[in-house]
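Below is one structure, written out as structure tokens; comments come after it.
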Amino acid sequence: MKTKIFILITFFLPLFVLATPTNYEGFEGTANAIGDFFSDIWSFLDDDVPNFFERMLAYVVEKITLMKIAAQLEALKLAWSVAKTIMENFQLASKVLSAANGLPQDVKAALVDMRFFDGFNIIIQALLARYVMRFI
């Protein structure tokens, strides 16, 4: 039990994280400083710059995708309002009801119970909205 506690304590101690600063003294220290300087520049050009462009491209693609989806939603709202205006101007629902009044009462009652006319109106509205969407 003591060995497990000792292993856990040494594992979670921050001693492994502590680093000693590099001592740049003398000719060897100067050479190490110059080497570290060029290594940092190389790391910046080789890792950081491509990573920056990758993140920037991902951000731009994300924003363009969100703007495209928002534009499609607004186009759909516009198409629906145009289609609704066309349906109101042509009075499609009243024409369907007037055609239904010409049917015999039992057939008309059966179609109303099955909600055939509501379904027919929805199909006509969808076709008209699709027709308007082709122009947008």
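What the table shows:
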{"quantity": "Gain on full stretching of the segment that runs from Ala70 to Phe135 - 0.36 nm per residue minus C-alpha separation", "calculated": "21.6 nm"}
{"quantity": "Contour excess over end-to-end distance, with Cα ends at Glu88 and Phe11 and 0.36 nm allotted per residue", "calculated": "20.1 nm"}
{"quantity": "FRET efficiency, 1/(1 + (r/R0)^6) with R0 35 Å, evaluated for Trp42 and Leu78 via beta carbons", "calculated": "0.05"}
{"quantity": "Karplus (6.51, -1.76, 1.60) ³J(HN,Hα), θ = phi - 60°, over the range 58-63, in Hz, Gly and Pro reported as x", "calculated": "4, 5, 5, 5, 4, 5"}
{"quantity": "Whole-Å semi-axes of the ellipsoid equivalent to the range 22-135 (Cα gyration tensor, √5λ, descending)", "calculated": "75, 14, 7"}
{"quantity": "By average C-beta atoms within 10 angstrom, highest first, the peptides 117-130, 45-58", "calculated": "117-130, 45-58"}
{"quantity": "Mean ellipticity per residue at 222 nm, deg cm²/dmol - from DSSP H runs of n ≥ 4 across the chain, formula -39500 (n - 2.57)", "calculated": "-27500 deg cm²/dmol"}
{"quantity": "C-alpha long axis of helix 92-101 to longest principal axis of the chain, angle in °", "calculated": "40 degrees"}
{"quantity": "Extension gain, Leu57 back to Phe116 (0.36 nm per residue minus Cα-Cα distance, nm)", "calculated": "16.1 nm"}
{"quantity": "In degrees, nearest ten, helix 26-43 long axis to first principal axis of the chain (Cα)", "calculated": "10 degrees"}
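Bear in mind that the values in this text are calculations on the coordinates, not laboratory data. Being a predicted model, the structure only gives us computed values, none of them experimental. Positions of Cβ are backbone-derived with ideal geometry, glycine not excepted, and every protein chain shown enters the neighbour counts.
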